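The values are calculated or read from the model by the stated rules, or taken from the named source; none is laboratory data. These numbers were taken from a predicted model, which means no experiment stands behind them. Cβ coordinates were reconstructed from backbone atoms using ideal geometry, including for glycine residues, and neighbour counts include every protein chain displayed. Areas reflect the complete protein model, heavy atoms only, side chains present, ligands, DNA and RNA absent. Shrake-Rupley method; radii C 1.70, N 1.55, O 1.52, S 1.80 Å.
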Amino acid sequence: MQSFYPERFEREMGCTEADWLRALPQAIGDHFWKLQTHCAGVRIGDGALGLSWSEGEPRVIASVRLPRLRVSFRFAGLDDAQRLAFMKRFDLFMHRGGG
């Protein structure tokens, strides 16, 4: 896990949009959030997080096709410690491990 999260950053996730939407509620936790088409807004205390995503072309390795989801994170009104606290939980629930 990271020790710092900037106000704005992009990630490439190895999942489908359906996978993302199944995991998103648990990753957000008790924070109020609103889902829209390919985006969500999350209220975090007096601040907020805007998430937007789009499906990318699958990553192909030999005969394996891995889904790709491009996700944009936009925090507003949160300091470094607040962003870190939120993302520690978020990353824990979005983490996909392997053998």
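The table that follows gives values for the structure above.
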{"quantity": "Wholly enclosed strands (runs of 3 or more DSSP E) of region 29-99 bearing at least 2 residues among the charged types (D, E, K, R) and closer than 19 Å to Gln2 by Cβ", "calculated": "64-76"}
{"quantity": "Subset of region 58-99 (residues that are open to solvent by less than 80 Å² (accessible area, probe 1.4 Å), aliphatic (A, V, I, L, M) and under 23 Å from Ala18 (Cα atoms))", "calculated": "Val64, Leu66, Leu69, Val71, Met87, Met94"}
{"quantity": "For Arg89: the one exception among (1) touching a residue at least 40 places away in the same chain (Cβ under 8 Å); (2) touching a His at 6+ places or on another chain (Cβ under 9 Å)", "calculated": "(2)"}
